[in-house]
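Student: Below are the structure tokens for one structure; questions will follow.
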Amino acid sequence: SKAVSPHALCSFVFLSSWLHQTVPCRGSHWQTSLLAFRASLPVRAQPKKKKKVDVKREQAQKDRMKKKIKKLEKAAPELIPIEDFIPPLKYSDSSRVRSLPPLSFEESERRVLLLKKWCLFKQKQDKAEKQAIQTLVEAQQEALKELRLESEELYQAAIRRDEGLFPFERDGPNYTPPLPGYDPPEGKCVDITKVYTQ
Amino acid sequence: IELEKSHYSDHEIRKLEEEEQLRRRKESMHDDDDAPGKTVIMAQDLEDKWEQKLLRFEAAPRITDADKNNDRTSLNRKLDSNLMLLVKQKIGNEELWLLPQVEWQPGETLRSTAERAMATFLGDHIQAKILGNAPHGIYKYKFPRAIRTEDNVGAKVFFFKAFLQSSDLSQAELKEDYLWVTKGELGDYLKSEYLKKVNRFLLD
């Protein structure tokens, strides 16, 4: 309706010039009242202009957007920051540092010896585990050999992969058995992890 | 080591600040304009409350009643090690303690035989997971001369391992004697040859 206004203004001026001289007569036959000029003026040429210009404008806009998208895609994707590796700034305050007495000689000696004992214990444990696994595998191989001697068909059936085995789930070991009739306190868990998109 | 490699946490800073405030108030006899507003609950009070709660909590004991009575038929004993099912079965003329076994029918795979064995000894609706299609161990023995025929010189027993999922065996109807034993106690019941072969594929 912006384009309509110059025409409306012209006609108004025309009408006012008329009004000075003669009785106020309805000038143009398509005007019902002096106040309703905007609604009834014919707007012939405007729709066509609107179509052409808008189509051109829209196409130009689309091309610009496509160019921007191409530029963004060419740039390398930003690395997603790992929140666990960046300590939050509030913890690097110096007021938070503890002041403790330095370690005594006996204490450090005790720690070193403890570490050595632990290393030895873990080594033995690991060796025992590996040995156990080895015997397990050997026993199974022997069983399969004997089975093959018995019947080829059963052997083939035994060798086949068991689909229902994985994913294998089992509850982990607890230090104490579950209390019978224990009612855990209720609560709601709200997940506030931040999700980054590249 | 925990104290050495860490900084103060929020809770600890709050505790320190409150201690400071208390000390200042005692020394200079401040007006009590801070007290009712901010520190209604002190960090020290919270810690005391938590400790009280811990003392009141009683965990279930690790050594159950079945352990004290040495009742080997219940599943509630020896909670820190694995238990195996032993059944007394009649083989030939003797009654022996064995891992439950069932004769293989031609036309079924070994795994289905194992499942059938479980169904016969533990009831139909048992949730147990058999680990894989292949057998884990084998024991072969020859029949005594009286029973030997042309074809059947001896028998081979294949062993499978399975994990029991549910510990609810109330529906199980075990007719003969049965025992749940750990690996060390197996030696009390099984014969030496059998025991040797079985021990190879059982982990404690």
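Student: For region A:148-164, how many residues are part of a helix (DSSP H, G or I) and more than 7 Å from chain B (Cβ to nearest Cβ)?
Tutor: Total satisfying the criteria: 6.
Student: Further question on the same structure: Please work out which residue is modelled with the lowest pLDDT, limiting yourself to region B:97-130 and to residues that are open to solvent by less than 40 Å² (accessible area, probe 1.4 Å) and assigned to a helix (DSSP H, G or I).
Tutor: Restricting to residues being open to solvent by less than 40 Å² (accessible area, probe 1.4 Å) and assigned to a helix (DSSP H, G or I), the top hit is B:Leu122.
Student: Shifting gears a bit: Could you run through region A:159-192 and say how many residues are open to solvent by less than 100 Å² (accessible area, probe 1.4 Å) and either over 19 Å from B:Lys129 (Cβ atoms) or at pLDDT 85 or above (or both)?
Tutor: Residues that pass the stated criteria total 7.
Student: Out of the residues in region B:185-204 that are farther than 17 Å from B:Ala162 by Cα and in contact with a Phe, Trp or Tyr (Cβ under 7 Å, 6 or more places away or on another chain), state the one that is farthest from the other protein chains (Cβ to nearest Cβ).
Tutor: If we take residues in region B:185-204 being farther than 17 Å from B:Ala162 by Cα and in contact with a Phe, Trp or Tyr (Cβ under 7 Å, 6 or more places away or on another chain), then B:Tyr189 is farthest from the other protein chains (Cβ to nearest Cβ).
Student: Take region B:83-96 and flag every residue that is exposed (fewer than 15 other Cβ atoms within 10 Å of the Cβ) and either within 14 Å of chain A (Cβ to nearest Cβ) or not aliphatic (A, V, I, L, M) (or both).
Tutor: Once the filter is applied, which keeps residues that are exposed (fewer than 15 other Cβ atoms within 10 Å of the Cβ) and either within 14 Å of chain A (Cβ to nearest Cβ) or not aliphatic (A, V, I, L, M) (or both), region B:83-96 yields B:Lys88, B:Lys90, B:Gly92, B:Asn93, B:Glu94, B:Glu95.
Student: Here is a further query. In region B:159-180, which residues are out of contact with any helix residue (DSSP H, G or I) (no Cβ under 8 Å at 6 or more places or on another chain) and modelled with pLDDT of 80 or more?
Tutor: B:Phe163
Student: For region A:99-115, check the following and say yes or no: at least one residue is in a helix (DSSP H, G or I), open to solvent by 100 Å² or more (accessible area, probe 1.4 Å) and either of a type in the set (Phe, Trp, Tyr) or at the interface with chain B (Cβ under 10 Å from one of its Cβ atoms) (or both).
Tutor: Within region A:99-115 (the criterion being in a helix (DSSP H, G or I), open to solvent by 100 Å² or more (accessible area, probe 1.4 Å) and either of a type in the set (Phe, Trp, Tyr) or at the interface with chain B (Cβ under 10 Å from one of its Cβ atoms) (or both)), the answer is yes, since at least one residue qualifies.
Student: Restricting region B:1-24 to residues that are part of a loop (DSSP other than H, G, I, E, B) and either touching a Leu at 6+ places or on another chain (Cβ under 9 Å) or over 22 Å from A:Pro102 (Cα atoms) (or both), which is nearest to the other protein chains (Cβ to nearest Cβ)? Break it down into steps so the answer makes sense when it comes.
Tutor: First pass over region B:1-24, keeping only residues part of a loop (DSSP other than H, G, I, E, B): B:1-9.
Among the residues that remain, those that are also either touching a Leu at 6+ places or on another chain (Cβ under 9 Å) or over 22 Å from A:Pro102 (Cα atoms) (or both) are: B:3-4, B:8.
Values: B:Leu3: 6, B:Glu4: 6, B:Tyr8: 4 Å.
Among them, the one singled out is B:Tyr8.
Student: If a residue must be under 30 Å from B:Leu3 (Cβ atoms) and open to solvent by 90 Å² or more (accessible area, probe 1.4 Å), how many such residues does region A:123-156 contain?
Tutor: Taking region A:123-156 first, the residues under 30 Å from B:Leu3 (Cβ atoms) are A:123, A:125.
Those left that are additionally open to solvent by 90 Å² or more (accessible area, probe 1.4 Å): A:123.
Residues that pass the stated criteria total 1.
Student: Report, by residue number, each residue of region B:178-194 that is more than 22 Å from the chain's Cα centre (by Cα) and either free of Cβ contacts under 8 Å to residues at least 24 places away in the same chain or open to solvent by 60 Å² or more (accessible area, probe 1.4 Å) (or both).
Tutor: B:Lys191, B:Ser192, B:Glu193
Student: Something else: Determine whether region A:119-134 contains at least one residue that is modelled with pLDDT under 90, within 7 Å of chain B (Cβ to nearest Cβ) and closer than 30 Å to B:Gly154 by Cβ.
Tutor: Looking for residues that are modelled with pLDDT under 90, within 7 Å of chain B (Cβ to nearest Cβ) and closer than 30 Å to B:Gly154 by Cβ, one finds none in region A:119-134, hence no.
Student: To continue, here is another question. Any chance region A:140-147 includes a residue that's modelled with pLDDT of 85 or more and more than 9 Å from chain B (Cβ to nearest Cβ)?
Tutor: Scanning region A:140-147, I find at least one residue that is modelled with pLDDT of 85 or more and more than 9 Å from chain B (Cβ to nearest Cβ), so the answer is yes.
Student: Look through A:Pro185, A:Pro180, A:Pro167 and report the one residue that is within 23 Å of B:Leu79 (Cα to Cα), free of Cβ contacts under 8 Å to residues at least 40 places away in the same chain and not in a helix (DSSP H, G or I).
Tutor: A:Pro180
Student: Mind telling me which of the residues A:Ala157, A:Ala128 ends up being closer than 19 Å to B:Lys161 by Cβ and of a type in the set (Gly, Ala, Ser)?
Tutor: None of the other options fit; the residue is A:Ala157.
Student: Here's a follow-up. Give me the pairs: first residue in region B:125-144 and more than 7 Å from every other protein chain (Cβ to nearest Cβ), second residue open to solvent by less than 40 Å² (accessible area, probe 1.4 Å) and assigned to a loop (DSSP other than H, G, I, E, B), beta-carbon distance under 9 Å, and six or more apart or on different chains, which are they?
Tutor: The qualifying pairs are B:Ile126/B:Ser166; B:Ile126/B:Ala172; B:Gln127/B:Ser166; B:Ala128/B:Ser166; B:Lys129/A:Leu165; B:Ile130/A:Asp162; B:Ile130/A:Leu165.
The values are calculated or read from the model by the stated rules, or taken from the named source; none is laboratory data. This structure is a prediction, so every number in the text was calculated from the model and none was measured. Reconstructed Cβ throughout: ideal geometry from the backbone, glycine too, with neighbour counts over all protein chains shown. Keep in mind that these areas ignore ligands, DNA and RNA; they rest on the heavy atoms of the full protein, side chains included. Shrake-Rupley method; radii C 1.70, N 1.55, O 1.52, S 1.80 Å.
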